[in-house]
Amino acid sequence: MHDIRFIRDTPDAFDAAMERRGLSGVSAQVLALDSARREKITASETAQAERNAASKQVGAAKARGDEDEFSRLRDLVAAKKTEIADLDAAAKAADEDLRDLLMSLPNILNAEVPDGADEAENVELRRWGTPRALDFAPKEHFDLDGVKPGMDFETAAKLSGARFVVLSGAVARIHRALAQFMVNTHVDDNGLTETWTPVLVREEMLYGTGQLPKFGEDSYQTREGWWLVPTAEVTLTNIVNGLIVEDASLPRRYVAHTQCFRSEAGSAGRDTAGMLRQHQFEKVEMVSITRPETSADEHDRMTRCAEDILERLGLPYRTVVLCSGDTGFGAVRTHDIEVWLPGQGSYREISSVSNCGAFQARRMNARFRPEGGGKPEFVHTLNGSGLAVGRTLIAVLENGQQADGSVDLPACLHPYLGGKTRLAADGTLV
């Protein structure tokens, strides 16, 4: 959410920032609602003062036996009471309209974010690794002989419908091993705090991180009013919701392995085959809570944490900075990491790491108390995949595939697989 004082003081700068997001003339809408709200508040305060003055005079008129004045003042007090109630209700409605508008506006992009309309104009920062030269036609993960016994889309469709999968046997174990490897690496080597959080949250938590009100169709809501998390970003970031934390406790660095749920609204017809785009999936999520002046460095640090997972797995990737037209609603700057998938012959997103600045903190009123004293300030929040487990499974299977349908598995996973090193063509670990 945005600071209304910034919009009042620098409407042109705010409009220029929103123009980069494809929105025009936003400050006029905001300031019109703000003006209406302030006018109603001022009018209510004036009416309250008039009511108080009249109330003081009622007793005096009664004491001196001036019945006409007494009646007039009594009626005035009653009328002002009704007027105040109406003005307060109008001010509250205007305030809610203003809040709804501010809640629907995207974050202001960092000046370094490149301009562009869509993902085609994202800018590559670096690459790591070289895709294997294969002397056979590569297959997608779901077509590999060794994978087929453990990846069942038909049964999942019977149970739940499209965009679900049942994993079993060796494939399920590799999937679990990947999540354990990621969490252990982030905890033991990257200094993140392992956290276990609910996947059902109250509605205000999604308002806090920006999924609501604008993107409600992308998530699932239960009959009881809870929402299923689209990512552990929601729970991990909202740990500081409504808090004033001590400066000395920052940065706070969390990691959680959770189920995630997304309706995939607007993605009809995209990536319908295999595990690439599912309604239910697992992700290892990183979240950092920092002081404002350290968030840019923290963003780079988190990106390196995600890249390191891919490097340990031996998976070629490239890192891009998203352009203005592709940067998410709540981010000031985003790095996407795209892993090489031989079956598609292309790089596909496997992690998105975003610095949200104070945007989410304002929505959830999350602040810190400066060590030297002074007024509490808003923290900065960051989030990133470290990594999406299902997509990492796809990358491991496709990059390790052999001509006979077996898969050579990364050495870092061997200890999690009881020393087994390969998924054989018959679907067993050997």
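The values are calculated or read from the model by the stated rules, or taken from the named source; none is laboratory data. Owing to the predicted nature of the structure, the values given are computational and were not obtained by experimental measurement. Please note: Cβ atoms are built from the backbone with ideal geometry, for glycine as well, and neighbour counts cover all protein chains shown. With ligands, DNA and RNA removed, areas are computed over all heavy atoms of the protein, side chains included. Shrake-Rupley method; radii C 1.70, N 1.55, O 1.52, S 1.80 Å.
According to the Cα-based calculation, Rg over Rh for region 1-66 is 1.43, with Rh computed by the Kirkwood formula. Using a cutoff of 8 angstrom between alpha carbon atoms and counting only pairs six or more residues apart, the relative contact order for region 233-351 works out to 19 percent. Projected onto planes of every orientation and averaged, the convex hull of the alpha-carbon atoms in region 275-430 covers 11.8 nm².
For the chain, what is the convex hull volume of the alpha-carbon atoms per residue, in Å³?
Numbers: hull volume 76.0 nm³, N = 430.
Convex hull of Cα atoms, per residue: 177 Å³.
Among Leu243, Leu159, Leu276, the largest mean-square fluctuation in a Gaussian network model of the chain, built with springs joining Cα atoms closer than 10 Å, belongs to Leu159. About its Cα centre, region 66-149 has a charge dipole of approximately 660 debye under the convention of +1 per Lys or Arg Cβ and -1 per Asp or Glu Cβ, with nothing else charged. The Cα-based radius of gyration and maximum Cα-Cα distance (Dmax) for region 202-273 are 14.8, 49 Å.
Taking 25 °C and 0.890 mPa s as the conditions, I'd like the Stokes-Einstein D for region 39-96 in µm²/s, using the Kirkwood hydrodynamic radius from alpha carbon pairs. List each step's numbers first, then the result.
Details: Rh = 12.0 Å.
For the chosen part, D equals 205 µm²/s.
Charged side chains reduced to their Cβ positions (Lys and Arg at +1, Asp and Glu at -1) give region 40-79 a dipole of some 160 debye around its Cα centre.
What is the sum of charges, Lys and Arg at +1 and Asp and Glu at -1, for the other residues whose Cβ falls under 11 Å from the Cβ of Ala424? Here the charged neighbours net out to -2.
Ranking Trp226, Trp128 from most to least accessible surface, computed with a 1.4 Å probe over the protein chains only, gives Trp226, Trp128. Rounded to the nearest 10 square angstrom, Thr130 shows an accessible area of 120 square angstrom against a 1.4 Å probe. Here the chain exposes an accessible surface that is 49 percent carbon and sulfur, computed with a 1.4 Å probe and the other protein chains kept in place.
Strictly greater than 15 Å: what percent of every Cα pair in region 96-152 meets that? Distances greater than 15 Å cover 77 percent of the Cα pairs.
Using Cα-Cα distances under 8 Å and only pairs 6 or more residues apart, what relative contact order does region 278-430 have, in percent? If you can, show how the numbers build up before the last one.
Details: 278 pairs, mean separation 39.0, N = 153.
Reported relative contact order: 25 percent.
Note that region 299-310 has calculated 3J(HN,Hα) couplings of 4, 5, 4, 5, 4, 5, 4, 5, 4, 4, 4, 5 Hz, one per residue in order, obtained from phi through the Karplus relation 6.51 cos²θ - 1.76 cosθ + 1.60 (θ = phi - 60°); glycine and proline are x.
Here the mean projected area of the convex hull built on the C-alpha positions of region 233-287 is 5.1 nm². Here the scattering of region 388-430 is modelled by Debye summation over its C-alpha atoms, one equal scatterer each and no solvent; at q = 0.18, 0.20 Å⁻¹ the log10 of I(q)/I(0) is -0.48, -0.59.
When the charge dipole of region 107-149 is built from unit charges on Cβ atoms (+1 for Lys and Arg, -1 for Asp and Glu) and taken about the Cα centre, the candidate among Val123, Pro149, Asn110 whose Cα reaches farthest toward its positive end is Pro149.
Taking the chain as a Gaussian network of alpha-carbon nodes connected by springs under 10 Å, the highest mean-square fluctuation of the residues Glu264, Glu338, Glu204 belongs to Glu264. The Rg/Rh ratio of region 192-315, with Rg taken over Cα atoms and Rh as the Kirkwood radius over Cα pairs, comes to 0.99.
Would you list Lys420, Lys283 from the most to the least accessible area, probe 1.4 Å? The partial results should precede the final answer.
On the way: Lys420 80, Lys283 15 Å².
I get Lys420, Lys283, largest accessible area first.
Annotation: Asp115 carries an accessible surface of approximately 110 Å², with a 1.4 Å probe and no ligand, DNA or RNA atoms counted.
Assigning unit charges at the beta carbon (Lys, Arg +1; Asp, Glu -1) and nothing else, what dipole magnitude in debye, to the nearest 20, does the chain show about its Cα centre?
On the way: 50 positive and 65 negative charges, 182 e Å.
Using only the charged Cβ atoms, the result is roughly 880 debye.
Pairs of Cα atoms in region 47-165 fall into 5 Å distance bins, from 0 up to the last occupied one, in shares of 2, 8, 7, 7, 6, 6, 7, 8, 7, 5, 4, 4, 4, 4, 5, 5, 4, 3, 2, 1, 1, 0 percent.
Can you tell which of Val287, Val58, Val165 shows the greatest fluctuation in a Gaussian network model of the chain with Cα springs below 10 Å? Residue with maximal mean-square fluctuation among Val287, Val58, Val165: Val58. Amide H contacts of Ser219: Ser263, each under 5 Å away and 5 or more positions distant or on a separate chain (H built 1.01 Å from N in the peptide plane; Pro and chain starts excluded). Measuring with a 1.4 angstrom probe and ignoring ligands and nucleic acids, Phe142 comes out at about 50 Å² accessible. Electrostatic bookkeeping for Val77 treats Lys and Arg as +1 and Asp and Glu as -1; over the other residues with beta carbon under 13 Å from its beta carbon, the sum is +3.
If you take the Cα atoms of region 262-357, find Rg, then find the Kirkwood Rh from the mean of 1/r over all pairs, what is Rg/Rh? Each step should come with its number before you reach the end.
On the way: Rg = 14.6 Å, Rh = 15.0 Å.
Dividing the radius of gyration by the Kirkwood radius yields 0.98.
Over the chain, dividing the summed -39,500 (n - 2.57) contributions of all DSSP H runs of at least 4 residues by the number of residues returns a 222 nm mean residue ellipticity of -12500 deg cm²/dmol. Pairs of Cα atoms in region 175-244 fall into 10 Å distance bins, from 0 up to the last occupied one, in shares of 18, 41, 29, 12, 0 percent.
Couplings for region 22-38, taken from phi via the Karplus curve 6.51 cos²θ - 1.76 cosθ + 1.60 with θ = phi - 60°, read x, 10, 10, x, 5, 4, 4, 5, 5, 5, 5, 5, 4, 5, 4, 5, 5 Hz in order; Gly and Pro are left as x.
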